[in-house]
1. Starting from the Cα of Lys225, draw a straight line to each of the aspartates and glutamates and keep only those under 14 Å, dropping any in the same chain fewer than 8 residues away.
2. If you average over every viewing direction, what projected area does the convex hull of the Cα atoms of the chain give, in nm²?
3. Taking 0.36 nm per intervening residue step and subtracting the Cα-Cα distance, what contour gain separates Ile410 from Thr168 on full extension?
4. How charged is the neighbourhood of Lys108? Take every other residue with its Cβ under 13 Å from the Cβ of Lys108, and add Lys/Arg as +1 and Asp/Glu as -1.
5. Take segment 313-427, compute every pairwise Cα distance, and split them into 10 Å bins from 0; I just need the percent in each bin.
6. Explain nothing, just compute: Karplus ³J(HN,Hα) = 6.51 cos²θ - 1.76 cosθ + 1.60, θ = phi - 60°, for every residue of segment 366-381 in order, whole Hz, x for Gly and Pro.
7. Students often forget the sequence filter, so: which lysines lie under 21 Å Cα-Cα from Lys36 once same-chain residues fewer than 8 apart are removed?
8. In a shell of Cβ-Cβ distance under 13 Å around Asp170, excluding Asp170 itself, what net charge do Lys and Arg (+1) and Asp and Glu (-1) give?
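The values are calculated or read from the model by the stated rules, or taken from the named source; none is laboratory data. Since the structure is predicted, the reported quantities are computational estimates derived from the model, not experimental observations. Counting neighbours? That spans all protein chains shown, and the Cβs are built from the backbone with ideal geometry, glycine included. The area values use the complete protein model at the heavy-atom level, side chains included, leaving out ligands, DNA and RNA. Shrake-Rupley method; radii C 1.70, N 1.55, O 1.52, S 1.80 Å.
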Amino acid sequence: MNLWLRRMVPLAVLALATTACSDGGSSSDENDLKGKTVNVIGTWGGDEQAAFLKMVEPWEKETGAKVKYTGTRDINTVLTTGVASGVLPDLAGLPGPGQMAEYAKAGKLLPLDDVLDVQTYQRDTAPALVELGKTDGKIHGVFIKAAIKGLIWYNPKVHDYGTNPPKTWDDLMNQAKANQGRAKSVWCLGLESGAASGWPATDWIEDLVLRTAGPEVYIKWYEGKVKWSDPAIKKAFQMYADQVVANSYGGGKTAVATNFGNAGDPLFANPPGCEFLHQASFITGFSQFKSHTAGTDYNFMPFPDIDPQFSGAVEGAGDLFGMFHDTPAAKSLMKYLVTAPAQDIWVKAGGALSANKNAASYPDDVSKRSAQILADAKTFVFDASDSMPTAMNDAFWKAMVALTNGSKTIDQVLSDLDNAQKDAYTS
């Protein structure tokens, strides 16, 4: 976690305590927002924070209101604590659908059906994302940007897989061995993300579960209806340990110490440190990807099939946004954030896909291809860890760190996760 985030995590709760409900009983006239402030908390720092602030600039100029943003990578803790104490921001980025449902059922996260033009929102937004933002049939979260998970990034100057991408996992691993050349390893891997360390490895497990066990088992698994020690889930952990960590740049301990945003840097080294990076579409907004040219210096291929009966399944994620305080300024900002002009600003900056189908200012063909995968997916599932209860999600992150650095075996982490599951879905 970089210095900015190390400073921001402990300040996040303090910032909320001093600015929560910052609209201060705004005027009932929703068009009279000049001088009002919307307190927002999210996970973004660095370039992502800059992109979000640029995204809200037109709304600020139009309304005369201001957005006060606080960033933290420990948003699970901040919001869970806030739900218990009542000290909450006006708007917040939500960790995922699972946590969104928890906050809604606690009566703290407010429904948006009377805030949005629901008909327009449903028409303009990918149907899967609309449904994922609902709790008990009401909209409690909206996606302001999205991502495709499970993309395999590579440097075409080392070997270009664009004309004949591997169609199966076995084909991928065989081609990796045949085309490795001077590359030191097959996989780049980086798990460090501050309080959220471990999440890149959970993405690995999710992709492997989806393509070996299928979407039905995948969904039952994140719903807590399939044990972690079930053979269908254990198989994914075994593949991750034996075929990814064992073939990763620097090994598991290096991976745990490497920030996820920098994990792909060895792709561009001479000689390259690795052949492939498994990461979501947003990685193009990080580290050395930003200083290299899409399509020339880097490209991607979709995650290959493992079991052909689950061909076409896609895992995705997105930045859910929700409202905790019912103020005119907060409602006005929520209405704006779901529009194509708002989301186009982040899309144009790179590293993001729009949840709104009408946003189209993608900066390169690589981004356009990512967006097309989202649009064409036969089966779309949301990031499993983000759909789990907070306690289960946290345990999953920690387990992947322990497995990757070798401090625990597969059986040990699965036993830990089985025990965590017993409480996480009943509390």
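1. Within the straight-line limit of under 14 Å, Lys225 reaches these aspartates and glutamates: Glu216, Asp418, Asp423.
2. With the hull built on Cα positions only, its mean projection is 19.0 nm².
3. 84.6 nm
4. Surrounding charge for Lys108 is -2.
5. Percent of Cα pairs in each bin: 12, 27, 27, 24, 10, 0.
6. Coupling constants for segment 366-381: 4, 5, 5, 5, 4, 4, 5, 4, 4, 5, 9, 4, 6, 10, 10, 10 Hz.
7. Lys54, Lys61, Lys66, Lys68, Lys331, Lys335
8. My count for the surroundings of Asp170 gives 0.
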